[in-house]
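The values are calculated or read from the model by the stated rules, or taken from the named source; none is laboratory data. Quick caveat: nothing in here was measured; it's all calculated off a predicted structure. Cβ coordinates were reconstructed from backbone atoms using ideal geometry, including for glycine residues, and neighbour counts include every protein chain displayed. Note: accessible area is taken over every heavy atom of the protein model, side chains too, but ligands, DNA and RNA are not part of it. Shrake-Rupley method; radii C 1.70, N 1.55, O 1.52, S 1.80 Å.
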There are 2 protein chains.
Amino acid sequence: MANLKEFKREQILNQGIQLMMMHGYHGTGVKLLLDTVNVPKGSFYSYFESKENFTAEAITHYIEPFITRLQSYLNNSELDGLAAIKAYFDSLTQELENSDFKGGCLLGDLMGEIGGVSDVCRQALKAAINQYCTLLEQGLLSAQQQGIVRTDISPATMARLLFDAWQGALLHMKIEQSIIPLQRFSTELLDHYITN
Amino acid sequence: MANLKEFKREQILNQGIQLMMMHGYHGTGVKLLLDTVNVPKGSFYSYFESKENFTAEAITHYIEPFITRLQSYLNNSELDGLAAIKAYFDSLTQELENSDFKGGCLLGDLMGEIGGVSDVCRQALKAAINQYCTLLEQGLLSAQQQGIVRTDISPATMARLLFDAWQGALLHMKIEQSIIPLQRFSTELLDHYITN
DNA sequence: TGTATATAAGCGACCGGTCGTCTTTATTTT
DNA sequence: AAAATAAAGACGACCGGTCGCTTATATACA
């Protein structure tokens, strides 16, 4: 029974992520969200303390599969550090093209909408971004040691720069309804900028 | 009298921009917005067709001073193309630091929140971004001709890349409450990447 | 029967948008 | 020039609906 509740909880999180990527924080109503996963209105607050806290959890929940995914690319011994990172971003690009640019990135959307207002969510975003960038950093460090990536810039700096540029490219993608901004990111920054 | 109405109209737009940068599109109520500029509720729709159309106009209105500002830096004959661009972004950075990272960029915020949903706003965003990037392009072209900026990448590509990376850096700034992401943009991309 | 959980009904507040009234301005008639 | 009328614009009350959240009650389990 506890498992069933945990399952429902995750369903709410996943559905919330989908809706918020589409309509943002304020544009996503709790009632509507719960209806789509057949959870009674009044039950929401037995799962989560508030909408704000729910969103913070959604952020943490959202980033997990991306961490896992990037991790698995980095662990692939057939790929050097840079090739892994490139393959990872290319797979994201492919996926976004297949889904007609719906969504984008929850982190980017929420950073803009409530990043400056909700402290709870800001901390969640900060942690998620840091976790993600730290992983990128590891890949870049490997690539440096393999002699593929330039060593005059620290992996930490490069990782953050790449993250930011990717977020901007995702926003641009939404507006242009095109993967060109994503491809530009890959070509210019991964191919031309950070290589040795 | 027509001037007074035009003045009020602009007041609404400016106030709307401020509120939307803080709370996003859905988080900004028409009633509240009008109260702060002493315009009666019922009058809003004599100024604007709808909230959505208002927002599209706000986007266009928002970008104008940035265009003018960048333009004036580019027209400064004491600065080469690259130095102008760098000085422009540095002045923005300075300003954001002075205002404690409130705001950020309306374009970035709205791209994330409604860029994928509202066609009217998407077109306004598209136009604003294109106008902005075209200007950047001109500066980059000058800098190329002056032998300062690398010529193996087109100004159009570089301009879009810079724009996207800047947007991402602004989001990151909000979360970290720090100008470090903005400085990283300037150092890594303007100093190290695009120079010859 | 007693206790804990689940939930439907409902809270006040606010949403974007409309509508009928009232004021103001412009035009016409004396 | 003054008065009467018409057109235009300003405006607040109000529309149905939704917001995030609470609470009283029903249900389930001990």
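At a Förster distance of 22 Å, what's the computed FRET efficiency of A:Ser72 paired with A:Asn98, Cβ-Cβ distance as r, to 0.05? It comes to 0.65.
Charging the Cβ of each Asp and Glu at -1 and of each Lys and Arg at +1, and nothing else, the dipole of the protein assembly as shown about its Cα centre rounds to 880 debye.
Computed about the Cα centre, the dipole magnitude for region A:4-118 is approximately 460 debye when only Lys and Arg (+1) and Asp and Glu (-1) carry charge, each at its Cβ. Bridging of A:Lys126 to lysines at a Cα separation below 18 Å is possible for B:Lys102, B:Lys174, once same-chain residues fewer than 8 apart are set aside.
Dipole magnitude for chain A: about 480 debye, using +1 per Lys or Arg Cβ and -1 per Asp or Glu Cβ, origin at the Cα centre.
Other protein chain C-beta atoms within 10 Å of residue C-beta, averaged over A:172-182: 5.
Carbon-plus-sulfur accessible fraction, region B:55-196 (probe radius 1.4 Å, protein heavy atoms only): 47%.
Considering only alpha-carbon pairs that sit under 8 angstrom and 6 or more positions apart, the relative contact order computed for region B:78-196 is 35 percent.
To the nearest 10, the accessible area of A:Lys126 is 70 Å² with a 1.4 Å probe.
Rolling a 1.4 Å probe across all protein chains gives A:Met173 an accessible area of roughly 0 Å². Projecting the alpha carbon convex hull of the protein assembly as shown along each direction and taking the average yields 21.6 nm². Under 1.5 on a/c is rounded, so check that first for region A:85-131, then, if it is not, pick prolate when a/b is larger than b/c and oblate when it is not; a ≥ b ≥ c are the square roots of the alpha carbon gyration tensor eigenvalues. Oblate is the answer for region A:85-131, as a/c is 1.5 or above yet b/c matches or exceeds a/b. Shown for A:Gln131: label points 7 Å from Cα along the beta-carbon vector, and their distances to the equivalent points in the other copies, 4.1 nm in ascending order. The sum of -39500 (n - 2.57) across all DSSP H runs of n ≥ 4, divided by the residue count of the protein assembly as shown, sets its helix-only mean residue ellipticity at 222 nm to -23500 deg cm²/dmol.
Under the classification rounded if a/c is under 1.5, otherwise prolate if a/b is larger than b/c and oblate if not, where does region B:149-196 fall, given a ≥ b ≥ c as square roots of the Cα gyration tensor eigenvalues? Oblate shape, in that a/c is at least 1.5 and b/c is the bigger or equal ratio.
Toward the positive end of the charge dipole of region B:50-193, with +1 on the Cβ of Lys and Arg and -1 on the Cβ of Asp and Glu, the farthest Cα among B:Val149, B:Val117, B:Leu171 is that of B:Val117.
All C-alpha to C-alpha distances of region A:51-193, sorted into 10 Å bins beginning at zero, yield P(r) values of 11, 40, 36, 12, 1 percent in whole numbers.
Label points for A:Lys8 are taken 7 Å from Cα along Cα→Cβ. From this copy to the others they lie 5.2 nm apart, shortest first.
Put a dot 7 Å past the Cα of B:Thr151, heading toward its Cβ, do the same for B:Leu32, and the two dots end up 5.4 nm apart.
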